[in-house]
Structures are given as structure tokens and as C-alpha cells.
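Below is one structure, written out as C-alpha cells; comments come after it.
The values are calculated or read from the model by the stated rules, or taken from the named source; none is laboratory data. The structure displayed is predicted, hence computed values, not measured ones. Quick reminder, even Gly has a Cβ in these numbers, built from the backbone with ideal geometry, and neighbours come from all protein chains shown.
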Amino acid sequence: MSQKHSVRRTLLAALAFPLALWGAIGSAQGATLEEIKKRGYMVVATEDDFRPFEFVKDGKPTGFDNEMVEALKKSAPFEIRQEILPWTGILAGVATGKYDIAITAAIITKERAQSLDFTSPIADATHYYVKKKGDSSIKSIADLSGKTVGVQAGSALLGRLPELKAMIEKAGGKMGKVVEYTSYPEAYQDLALGRTDYVVNTVINLKSLVAEKPAVFELGQPVSGKSYPAWAIKKGNTELLVFMNDFIAKQKANGTMPTLQKKWFGEAFELPVSFTPEF
Amino acid sequence: MSSADVLAIFGGALTTLLLSAAGIAAGLPIGLGMALVRWGRVPVAARGVAIYVSLLRATPLVTLVLLLFFALPNAGIPVGPISAGVLALTLNTAAFNCEIWRAALMDFPKEQIEAAQSVGMRRGLRFRRIVLPQIARVSLPGLINEMSLLIKVTPVLAVVGVVDITRAAVRIGAETYEPLPPFFVALAIYLAIVFALVSVQRWVERRQLQRAAAA
């Protein structure tokens, strides 16, 4: 066998390997409620850098969703195992069945609803923009024309930028450059450094940011219609969805959820039981 | 940034150190074993190693760890963030270590082996007494280089939930909205770790020189 042939064969074998692996592993399945009860635990995934929904303070997870997880631990008839990881892996983990549910502020979108089921909304989170404190060049939506915007990659905020684009175009302007970040802390930092002109996130996240750093950031106007974050479950896992919606309904009725909303978001919301996204 | 925050970064440093140490401890001998398989032209296995090395050198670590973390459970193998991380680091570094060891082996003078054979040394003894000490010396700079790369590539494992130095720093920045101070602490720790590694290399090299001078 010539050297050239040998190299080519090695390459072909190397190429074939991932494909073979794909075939061998096949598609994934999430655990049904019955399976969760039988094995005695549910795996919950949360984020670690999405203040005020979920973040880590002094090495301990805290925020709205983490306190809801605490409430879930008390009421669920099985153990709750929590995994904390960055946004990047969360929805993929739920879709592959690695986690039974993502207890994070996943905004309900049309695209995500194709592969995931969403619980009842946990907050009212219309998208707003935040700008640098004292930036007098931005006073209204029309002023955002041509300005650079920072937003999280793979986020619903990014997915709904066309809405903002339409708003800017209606005002006779044109959407500027979009910069995507792995997570929001980097986006805020770049805004503070002046590399972007504004950042789009939910009003809840931005209020929390501005409350903490009033000298650096200033809240702007809404850039989307209604938007609701909810928890995500693998598509078709209906019993688990019903179980979680019952849990949310109970927390609304017994006052836990409104109290936590006031604590973390500054206000309690009237929320629909289910939401069908337009975008 | 509170003292608890600094402590959290040091907690991350422990994870980084443990993961790197595990990856190095497993990857170093596996790499050597694979290099020997190729060097000795073991039928079938040598081809397998060649395929493995080209595959792993072409796979970004982040892709590898995501694949292991999400795919293995579906194949019936339960794997947590730490075990997926160690596995990914080991698989990755073993491929690079294999090539470093192999380069040293290819350069190894055949006459020495023939000489050892002529005095009746068996294969195992030949390898321990003649080959290994010499290829270890030649490979050391390359291996230490690969180790320092491995330490600095551990933040990639954060995608599956491993909290290393960098992730601990990111978390603090997300809580305080002040990302720079934790990054400075993180950088200082990385510097200390890699400096310690390089010091070990210097120490080993100096000892070898002294031995050579004494001989």
C-alpha cells in the first residue's frame, strides 16, 4: 500500500467515525413524569449569570428561579437534582433529554416552540434597550438608526430584533450593526466601554442592571411587543408540563410567586396561564 | 468583590488544577503508549492510532466535550460535567502527546537498540533503561508546552457546567456587574499555576544536566 493511499484511508476513516457515532447513538428521549417518579428524581438545569433570574452570590445559586426551585423541592414528591451551567448548553440539554426541565428565563418563541414545550409564563418581560448614562444622541427609537446594538447569541432577544428593525424603519431610519455575545455581562461591559451604543434585553434584567449601576447605564424604551419567559420541557412531555403548570398555579395562588416577583423584579405580574408566541 | 468571591475563584482554581492534573496524568502515558504502537508498527493498532490522532487533532475541545456530555447518556453511559471534562481533556491531550512522543521516538538512533540487543537486554529493560530516559528528555519541552495549553483550555469545559477559574470569575462579574476585578484575580492564578509548571521543567532539566556532568 502506498503512503498516499494510507493517508487517504486514514482520512476517510476519520470522517466516517462521527457519522457512525451519530447512527449508533440515535435520537434521545426525555423522562416522562412516570419515569421521574419511578427513579425518584428530576434533573433541573439553571443558568449562572442571568441576574436577577439566576445568578451565583458568594458561591451559592440565588435569584427568582432558584427560589422557585427551592419551593419545588418542598412540594415535589421526588428529589430535585439541580445542574448549573451556562445558557449555551441548556436548551440543547433539555432537547437531548439530559435535563428534564430548564428552570430559567427562556423566552417563549415560535421557533423554540417547535422543539420545546413551555410552562406558564413566570414573568412579563417586554424587551427594552439600555444605553450609556448621559448618551444624549439616543432619546427615542428613531435615534437608534444606524447605532450598534449588543445582544446575546442564540437568544429570543436576538430572534425578535426584526421587530425593532421594523420600528426603526417606520421612523425612517435603518437598523445598525448587531453584535452577539455569549452572555449579557460581556454585552454590558462593551456598552460601558462604548463599543456598542445600546443593548437589548428584557426589562427585568435591565432594571436590575440600572438599579445596580445607575451611574453607568440608563434604561430606554420598549423595543418589542409582549414577551414572556417560561421554563422549557422537551416537546411532547405533556404529563410533566401539566405537573409543572400545576406547581406554578399553586405558587401563584399561595402567594409565593408574587412575593418572589416583587423581591427580584420589583413588581408582581398578572400573567396568562399559557402563551402562544407570534414571533 | 467580596472575600467570598475571591474564595469562589480559588474554588475554581482547585477544579482547574484537579481537571488538568487528571488530564495530564492520564494523557501522558496514553500518548506514550500510542506513540509506541505507531513506532513499533503494530498491525491494525498502528492504523487505529493514526486515525485517532487525526480525528482528535481535528476536533475542537468544546465540540468534543459537548458531544461526550450529551451523547454518552443516550448510549447508556451516565456522565457528569466533571467526568465528561476529564474524558475530553484526556482524549484531546493524548493525541497531541502521542505526536510529541512519536517525534522523539522517530529520532531515536537505531544503533543504540542494536547495541542493547547485542548485550542481551530484553525488550522491556531496553525500553526502560535506554529508550525512555532519552526520549523523555527530548520530549519534555514539548510536553510541558502541551500541559500549559491544557491548563489554559479548561475554561472551555464551562459549557457543560464545570466551574473553573474563568467561570467562577464570570459568575462574579454577572452578580456585581463589575467583570474586571475578578478577571484580574483569575489571571494572577493562571500565571502562578503555569509558572509553577515551568519551574518544574527547569528543575528537571537542571537535574538532568547535573547527572550528565556527573556521569
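The table that follows gives values for the structure above.
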| item | result |
| --- | --- |
| Scan of the stretch A:87-112 for residues that are modelled with pLDDT of 90 or more and closer than 15 Å to A:PHE53 by Cα, ordered by number | A:ILE90, A:ALA102, A:ILE103, A:THR104, A:ALA105, A:ALA106, A:ILE107 |
| Every residue from the stretch A:66-83 that is under 17 Å from A:THR119 (Cα atoms) and within 14 Å of another protein chain (Cβ to nearest Cβ) | A:ASN66 |
| Identity of the residue in the stretch A:138-173, among the polar types (S, T, N, Q) and surrounded by 16 or more Cβ atoms within 10 Å (Cβ to Cβ), that ends up farthest from the chain's Cα centre (by Cα) | A:THR148 |
| Single unsatisfied condition, A:GLN251 versus (1) buried (at least 17 other Cβ atoms within 10 Å of the Cβ); (2) within 30 Å of A:LEU164 (Cα to Cα); (3) not hydrophobic (A, V, I, L, M, F, W, C) | (2) |
| Flag for B:ALA95 being closer than 30 Å to A:LEU85 by Cα, in contact (Cβ under 8 Å) with a residue 24 or more places away in the chain and in a helix (DSSP H, G or I) | yes |
| Residue check for A:THR104: closer than 22 Å to A:LEU206 by Cα, touching a Phe, Trp or Tyr at 6+ places or on another chain (Cβ under 8 Å) and hydroxyl-bearing (Ser, Thr, Tyr) | yes |
| Residue count, the stretch B:105-124 (criterion: surrounded by 11 or more Cβ atoms within 10 Å (Cβ to Cβ) and closer than 15 Å to B:LEU36 by Cβ) | 5 |
| In the stretch A:84-101, the residues that are in contact with a helix residue (DSSP H, G or I) (Cβ under 8 Å, 6 or more places away or on another chain) and either at the interface with chain B (Cβ under 9 Å from one of its Cβ atoms) or in a strand (DSSP E or B) (or both) | A:LEU85, A:PRO86, A:THR88, A:GLY89, A:ALA92, A:GLY93, A:THR96, A:GLY97, A:LYS98, A:ILE101 |
| Residue list for the stretch B:107-157, restricted to those being of a type in the set (S, T, N, Q) and farther than 18 Å from B:TRP203 by Cβ | B:GLN112, B:GLN117, B:SER118, B:GLN134, B:THR154 |
